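So the structure is just underneath, and the comments pick up after that.
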Amino acid sequence: MAAVTDDEVIRKRLLIDGNGAGDDRRINLLVKSFIKWCNSGSQEEGYSQYQRMLSTLSQCEFSMRKTLLVYDMNLREMENYEKIYKEIECSIAGAHEKIAECKKQILQAKRIRKNRQEYDALAKVIQRHPDRHETLKELEALGKELEHLSHIKESVEDKLELRRKQFHVLLSTIHELQQTLENGEKLSEVEEAQETSMETDPKP
């Protein structure tokens, strides 16, 4: 038969001992005390063994009550741990919801900021241009100025047309005068020629 190692003995004793409080030793002592009490020869020895059994029973009962208290405490701790675990799960779920809500708020804030920047840029463009009332006044003033310039243009065109007609009449007059002068010169030449011819002809 193979020899039993120390580790196996210790393992078996721990399995028998329960929580390691020495209950197996107390039970063994109780059994031995009971056997001695049964085999006791005198009344004093029996009474002594009886007292030992009572003491061992008290220790066993105390150990049992202690074990029950530890067991109840472990149950309460397990319930408390489960409660804490559920609270942690609820907190994690709430944190995820808050994170999702914060993300939505961040996106909304980004959209608002972008719209505000676009509005500011548009406002700057609008401020660089005059308002509608001033624009209408300027357009009205430009219209009046354009109308005045149109009248001036018509007046200048009329004067130019008159000057053109007068220049044409002047040119015609100059041309007629030139023709008259030329005709007068020709006539003078003819008359001079006739006079010269008469002077050179002999008298009869």
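The values are calculated or read from the model by the stated rules, or taken from the named source; none is laboratory data. Computed from a predicted model, the values in this text were never measured in an experiment. Here the Cβ positions follow ideal geometry from the backbone for every residue, glycine too, while neighbour counts run over all protein chains shown. For the accessible areas, the whole protein counts, side chains as well, though only heavy atoms, and no ligand, DNA or RNA atoms are used. Shrake-Rupley method; radii C 1.70, N 1.55, O 1.52, S 1.80 Å.
A few comments on the model shown:
- Against the numbered list (1) open to solvent by less than 90 Å² (accessible area, probe 1.4 Å); (2) out of contact with any helix residue (DSSP H, G or I) (no Cβ under 6 Å at 6 or more places or on another chain), Tyr81 comes up short only at (1).
- Scan of the stretch 27-40 for residues that are open to solvent by 80 Å² or more (accessible area, probe 1.4 Å) and part of a loop (DSSP other than H, G, I, E, B), ordered by number: Asn39
- Matching option when the condition is at pLDDT below 85 and out of contact with any strand residue (DSSP E or B) (no Cβ under 8 Å at 6 or more places or on another chain), among Ala109, Ala123, Ala100, Ala141: Ala123
- Scanning the stretch 55-73 for residues that are surrounded by 12 or more Cβ atoms within 10 Å (Cβ to Cβ) and not hydrophobic (A, V, I, L, M, F, W, C), we see that the one that is modelled with the highest pLDDT is Lys66.
- Meets criteria (modelled with pLDDT of 85 or more and surrounded by 10 or more Cβ atoms within 10 Å (Cβ to Cβ)) for Val156: yes
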